[in-house]
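To start, the structure under review is shown below, and the notes come after it.
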Amino acid sequence: MPDDSASPSTGKSLRMVVLASGRGSNLAALIAAAKVGDLGATISAVFTDRADAGALAIAAETGIEGRWLNPKAFDGRPAFDQTLFGQIDELAPDLIVCAGFMRILSADVVAARSQRIINIHPSLLPKYPGLHTHQRAIDAGDPVHGASVHFVIPALDAGPVIAQTRIPIQPGDDAHALSSRLLPAEHALLVACIAKFSRHRIEHHDGQLRVDDLVQPAWCYEHGLAGAQ
Ligand code: GRF
């Protein structure tokens, strides 16, 4: 297994793998950005826990290796995770990107790769970890919603935030309208974040984000927020 001294560092093209369970729009955005040289990374493989994941089809269409591991074929979460991360380690990625991977990861596989696993979550963490984030933001009367890219730690949607994007919630928004408007901003956020990993050493220690050894607040991107708070 590669150790964490092989963390992303300045000025190189990163090798990354993507974990996805769903339609794969984030994966498609990453592939498009890599194609035009905006990502600073190449995608070695896509892993999924669902045979019908759109992400798997997108990988196939674009010539990226896609692997499906069936959770039902394993005797519990630890066995699944050990196999999944055993296969990931063989590819020696600098970065492991969870983009709509709908499984909680075991604490030991996360701890062993603590500086190299990131996740995109559709809320302004620490608000709304878990599911139904768009509806929860609307129900709370929030004026602003968004998405976060964060380090994965052994707790759900809880690791240090690296970057966020914010959009206004508009009168009459329902969860579908809000998630549709957020999605392009999510894609831009994830691409921008990975590009930063290719230029900087980005780590977390004691719950804090560090960029090139300096403690730094999360980056924030704003889309259409004039006048909103
Ligand atoms: C995105 O909203 C992401 O933030 C969340 O799951 C969704 C995945 O969408 N974690 P896609 O499969 O990338 O289209």
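The values are calculated or read from the model by the stated rules, or taken from the named source; none is laboratory data. Owing to the predicted nature of the structure, the values given are computational and were not obtained by experimental measurement. Don't worry about glycine lacking a Cβ; one is built from the backbone with ideal geometry, like all the others, and counts go over all protein chains shown.
Some observations on this one:
- Leu19 within 16 Å of the chain's Cα centre (by Cα) and either modelled with pLDDT of 95 or more or surrounded by fewer than 16 Cβ atoms within 10 Å (Cβ to Cβ) (or both): yes
- Only one entry in Arg136, Arg210 is assigned to a helix (DSSP H, G or I) and either under 30 Å from Arg77 (Cα atoms) or free of Cβ contacts under 8 Å to residues at least 24 places away in the same chain (or both), namely Arg136.
- Test: residue in the stretch 144-153 that is of a type in the set (Ser, Thr, Tyr) and touching a residue at least 12 places away in the same chain (Cβ under 8 Å): yes
- For the stretch 63-109, taking the residues that are surrounded by 15 or more Cβ atoms within 10 Å (Cβ to Cβ), within 16 Å of the ligand (Cβ to nearest atom) and free of Cβ contacts under 8 Å to residues at least 60 places away in the same chain, the one that is farthest from Pro184 (Cα to Cα) is identified as Leu105.
- Residue list for the stretch 52-62, filter: farther than 11 Å from Ala28 by Cα, within 15 Å of the ligand (Cβ to nearest atom) and of a type in the set (A, V, I, L, M, F, W, C): Ala53
- The listed residue being closer than 25 Å to Val18 by Cα, assigned to a helix (DSSP H, G or I) and without any contact (Cβ under 8 Å) to a residue 60 or more places away in the chain, out of Ser180, Ser198: Ser180
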